[in-house]
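*Asks:* To start, I am sharing the structure in question, which I have written as C-alpha coordinates.
The values are calculated or read from the model by the stated rules, or taken from the named source; none is laboratory data. Here the structure is a predicted model, which means the values were calculated and not measured. Methodologically, a virtual Cβ is constructed for each residue, glycine included, from the backbone with ideal geometry; neighbour enumeration extends over all protein chains shown. For the accessible areas, the whole protein counts, side chains as well, though only heavy atoms, and no ligand, DNA or RNA atoms are used. Shrake-Rupley method; radii C 1.70, N 1.55, O 1.52, S 1.80 Å.
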Amino acid sequence: SILAQCYFGRCHVEPQVEVSAPSTIRMDTVREYWNPLVKFTKDSRHLVNKCTKPDKKEFMKTAWATFLGFAMMGFIGFFVKLVHIPINQIIVS
(Lines give C-alpha, C1' and ligand atoms only; values in the text may rest on other atoms or scores of the structure.)
Protein backbone atom coordinates (compact mmCIF):
# COMPACT_ATOMS: atom_id res chain seq x y z
CA SER A 1 0.00 0.00 0.00
CA ILE A 2 1.08 3.57 -0.59
CA LEU A 3 1.03 6.35 1.99
CA ALA A 4 0.61 9.91 0.72
CA GLN A 5 1.85 12.77 2.92
CA CYS A 6 1.52 16.48 2.21
CA TYR A 7 3.99 19.08 3.43
CA PHE A 8 3.20 22.77 2.80
CA GLY A 9 0.81 21.98 -0.03
CA ARG A 10 3.21 19.62 -1.83
CA CYS A 11 2.45 15.94 -1.76
CA HIS A 12 4.90 13.17 -2.19
CA VAL A 13 4.27 9.46 -2.20
CA GLU A 14 6.38 6.94 -0.35
CA PRO A 15 5.84 3.23 0.10
CA GLN A 16 4.60 2.13 3.49
CA VAL A 17 7.19 0.14 5.41
CA GLU A 18 5.99 -3.34 6.18
CA VAL A 19 7.27 -5.25 9.18
CA SER A 20 9.28 -8.28 8.24
CA ALA A 21 9.26 -11.52 10.19
CA PRO A 22 12.84 -11.33 11.55
CA SER A 23 12.24 -7.97 13.29
CA THR A 24 9.03 -9.35 14.80
CA ILE A 25 10.96 -12.33 16.10
CA ARG A 26 13.61 -10.03 17.58
CA MET A 27 10.97 -7.93 19.35
CA ASP A 28 9.33 -11.06 20.73
CA THR A 29 12.71 -12.19 22.03
CA VAL A 30 13.33 -8.82 23.65
CA ARG A 31 9.88 -8.87 25.26
CA GLU A 32 10.49 -12.45 26.42
CA TYR A 33 13.51 -11.30 28.45
CA TRP A 34 12.28 -7.79 29.32
CA ASN A 35 8.88 -8.65 30.84
CA PRO A 36 10.26 -10.92 33.62
CA LEU A 37 12.77 -8.20 34.57
CA VAL A 38 9.99 -5.62 34.84
CA LYS A 39 7.87 -8.00 36.94
CA PHE A 40 10.83 -8.79 39.21
CA THR A 41 11.49 -5.07 39.71
CA LYS A 42 7.85 -4.39 40.59
CA ASP A 43 7.73 -7.32 43.01
CA SER A 44 11.01 -6.25 44.65
CA ARG A 45 9.80 -2.69 45.17
CA HIS A 46 6.54 -3.99 46.61
CA LEU A 47 8.46 -6.22 49.05
CA VAL A 48 10.78 -3.44 50.20
CA ASN A 49 7.83 -1.08 50.72
CA LYS A 50 5.96 -3.74 52.74
CA CYS A 51 8.91 -4.62 54.99
CA THR A 52 9.22 -2.92 58.35
CA LYS A 53 12.05 -2.73 60.83
CA PRO A 54 11.43 -5.10 63.77
CA ASP A 55 10.83 -3.62 67.18
CA LYS A 56 13.08 -4.54 70.11
CA LYS A 57 10.83 -7.38 71.34
CA GLU A 58 10.65 -9.04 67.92
CA PHE A 59 14.40 -8.63 67.38
CA MET A 60 15.24 -10.17 70.77
CA LYS A 61 12.91 -13.11 70.08
CA THR A 62 14.59 -13.76 66.71
CA ALA A 63 18.08 -13.38 68.20
CA TRP A 64 17.23 -15.78 71.02
CA ALA A 65 15.84 -18.40 68.61
CA THR A 66 18.98 -18.08 66.46
CA PHE A 67 21.23 -18.47 69.51
CA LEU A 68 19.35 -21.59 70.64
CA GLY A 69 19.63 -23.08 67.15
CA PHE A 70 23.39 -22.49 67.03
CA ALA A 71 23.83 -23.88 70.56
CA MET A 72 21.81 -27.03 69.81
CA MET A 73 23.72 -27.68 66.58
CA GLY A 74 27.00 -27.15 68.41
CA PHE A 75 26.11 -29.63 71.16
CA ILE A 76 24.88 -32.19 68.62
CA GLY A 77 28.15 -31.85 66.68
CA PHE A 78 30.17 -32.12 69.90
CA PHE A 79 28.41 -35.31 71.02
CA VAL A 80 28.67 -36.89 67.56
CA LYS A 81 32.40 -36.18 67.55
CA LEU A 82 32.68 -37.43 71.17
CA VAL A 83 31.09 -40.76 70.19
CA HIS A 84 32.92 -40.96 66.85
CA ILE A 85 36.47 -40.69 68.28
CA PRO A 86 36.34 -43.91 70.40
CA ILE A 87 34.57 -45.84 67.63
CA ASN A 88 37.21 -44.70 65.14
CA GLN A 89 40.00 -45.77 67.53
CA ILE A 90 38.44 -49.23 67.89
CA ILE A 91 38.14 -49.65 64.11
CA VAL A 92 41.69 -48.41 63.36
CA SER A 93 43.48 -50.47 66.03
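*Asks:* Could I have the simple spin-label model distance between residue 39 and residue 91, label points 7 Å from Cα toward Cβ, reported in nm to one decimal?
*Replies:* Computed distance between label sites residue 39 and residue 91 equals 5.0 nm.
*Asks:* When averaged across all projection directions, what area in nm² does the alpha-carbon convex hull of region 25-93 cover? Spell out each step's value before the answer.
*Replies:* Values: hull surface 42.5 nm².
If you wrap the Cα atoms of region 25-93 in a convex hull and average its projections, you get 10.6 nm².
*Asks:* Now, a different point. So what are the ³J(HN,Hα) numbers for region 51-64, from phi and the Karplus equation (6.51, -1.76, 1.60; θ = phi - 60°), rounded to whole Hz, Gly and Pro as x?
*Replies:* Once θ is set to phi - 60°, the couplings for region 51-64 become 5, 10, 6, x, 7, 4, 5, 5, 5, 5, 5, 5, 5, 5 Hz.
*Asks:* Can you tell me the accessible area per residue over region 50-90, all protein chains present, probe 1.4 angstrom, in square angstrom?
*Replies:* That works out to 100 Å² per residue.
*Asks:* May I ask for the net charge around residue 63, where only other residues with Cβ less than 15 Å from the Cβ of residue 63 are counted and Lys, Arg are +1 while Asp, Glu are -1? Numbers along the way, then the final one.
*Replies:* Working: positive: 53, 56, 57, 61; negative: 55, 58.
With Lys, Arg at +1 and Asp, Glu at -1, the net is +2.
*Asks:* Moving to a separate point now. List, in order, the whole-Hz ³J(HN,Hα) value for each residue of region 29-36 obtained from phi through the Karplus relation with A = 6.51, B = -1.76, C = 1.60 and θ = phi - 60°; use x for Gly and Pro.
*Replies:* 5, 5, 5, 4, 8, 7, 4, x
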